[in-house]
Amino acid sequence: MTQPAARQGPLYAPERGARYVSLRLENLLWRQGSHAVLEYRALSSVNYPPGTFSLLWVPGYEAIPMTPVQRGASLVYIVKAVGETTARLVNDPPRHAGAIGPLGAGWRYAAEKGPWLHVAGGTGVAAALSILRVAKPALLAYGARSGADLVPIGRLGLAEAGVQLYYATEDGSKGFQGTVLALAEKLLQERHVAALTAAGPTPLLCGAARLADEYGLPLYIAPEALVRCGLGFCGRCSLGCGGKLLCRDGLYLAKGDLDCWLAERCG
């Protein structure tokens with residue numbers, strides 16, 4: 001199926017708008033195990049368009065790529081401890097931090113008629129949350145191994161925004177028992193869906209590509225890649241598809257722009 005044409009030019013160009021803002025910890029919204037949800041208040045005006053990200057600077061550590069969910073003057077970060085910096089954020093979040101952004105191309109795809117199905121696993125749900133206000137009406141299928149691993153994203157005002165939220169856990173402790181891909185397929189069988197997005201681990205993206213082909217749906221993917229500079233200089237986040245870089249061309253790209261990436265990783 002032909003992918004919808006992109007709008008003329010991105011909604012956001014990093015070279016025109018990225019800047020540093022100081023942040024102050026407002027709330028530790030939730031913490032469990034290796035996960036936390038942090039709300040930082042920006043000390044100057046901030047605007048993160050859908051599908052953009054920041055380099056979150058942790059004093060004494062480093063700046064790491066994170067996708068914020070903007071709530072007024074605050075930036076909400078969903079963090080999983082996978083290294084020294086993220087462990088600090090989860091276990092002892094600093095009172096003061098900083099953000100460089102917004103970075104990335106932003107959401108730039110034409111709207112489809114009817115509801116979108118967003119599929120997210122793990123901390124990939126942050127990318128999905130960042131686009132829900134434009135890629136809607138929306139169904140969000142969010143999954144993890146168990147209920148204890150699910151971030152309580154329902155507290156972020158999704159119901160008020162008209163988002164229908166569905167959970168999947170592999171152990172059946174919350175919502176649908178099975179993988180989030182199995183839940184997504186069930187929803188596709190039961191509901192008319194106009195387009196599909198996917199964010200999370202590579203196996204999830206591969207499965208979403210299969211579903212998109214099977215159901216003839218446009219698909220937009222937020223791939224995983226190692227982001228270092230965040231500005232397109234170092235090339236570490238190359239997607240290997242015509243010189244595309246995740247930090248410059250993402251967070252989301254149309255499936256047609258990532259066929260070579262999918263072929264390499266999914267076979």
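The values are calculated or read from the model by the stated rules, or taken from the named source; none is laboratory data. Since we're looking at a predicted model, the values are computed, not measured. A quick note on method: Cβ atoms are made from the backbone with ideal geometry, for glycine too, and the neighbour counts reach across all protein chains shown. We work out accessible area using only protein heavy atoms, side chains counted, and drop any ligands, DNA or RNA first. Shrake-Rupley method; radii C 1.70, N 1.55, O 1.52, S 1.80 Å.
Tabulated data
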{"quantity": "Accessible area of residue 123 in the full protein assembly, 1.4 Å probe (Å², nearest 10)", "calculated": "60 Å²"}
{"quantity": "Nitroxide proxy distance, nm - points 7 Å out along Cα→Cβ at residue 182 and residue 215", "calculated": "1.7 nm"}
{"quantity": "Whichever lysines have a C-alpha closer than 25 Å to that of residue 186, once near sequence neighbours (fewer than 8 apart) are set aside", "calculated": "113, 136, 174, 255"}
{"quantity": "Difference of contour (0.36 nm per residue) and Cα-Cα distance, residue 225 to residue 45", "calculated": "61.9 nm"}
{"quantity": "Solvent exposure of the chain as accessible area per residue, Å², 1.4 Å probe", "calculated": "43 Å²"}
{"quantity": "Formal net charge of residues neighbouring residue 37 (Cβ-Cβ distance under 11 Å; K, R +1; D, E -1)", "calculated": "+2"}
{"quantity": "FRET efficiency, 1/(1 + (r/R0)^6) with R0 22 Å, evaluated for residue 34 and residue 165 via beta carbons", "calculated": "0.45"}
{"quantity": "Residue-wise HN-Hα coupling along segment 153-158, computed from phi with Karplus coefficients 6.51, -1.76, 1.60 (Hz; x: Gly, Pro)", "calculated": "5, x, 6, 8, x, 5"}
{"quantity": "The chain shape via C-alpha gyration tensor axes, a/c threshold 1.5", "calculated": "oblate"}
{"quantity": "Unit charges at the beta carbon, dipole of the chain: most positive-side option, 205, 262, 115", "calculated": "115"}
{"quantity": "Nearest-10 value in Å² for the accessible area of residue 236, using the 1.4 Å probe", "calculated": "130 Å²"}
{"quantity": "Where labels lie 7 Å past Cα in the beta-carbon direction, separation of residue 190 and residue 264 in nm", "calculated": "3.8 nm"}
{"quantity": "Label-point separation, residue 112 to residue 27 (7 Å along Cα→Cβ), nm", "calculated": "3.3 nm"}
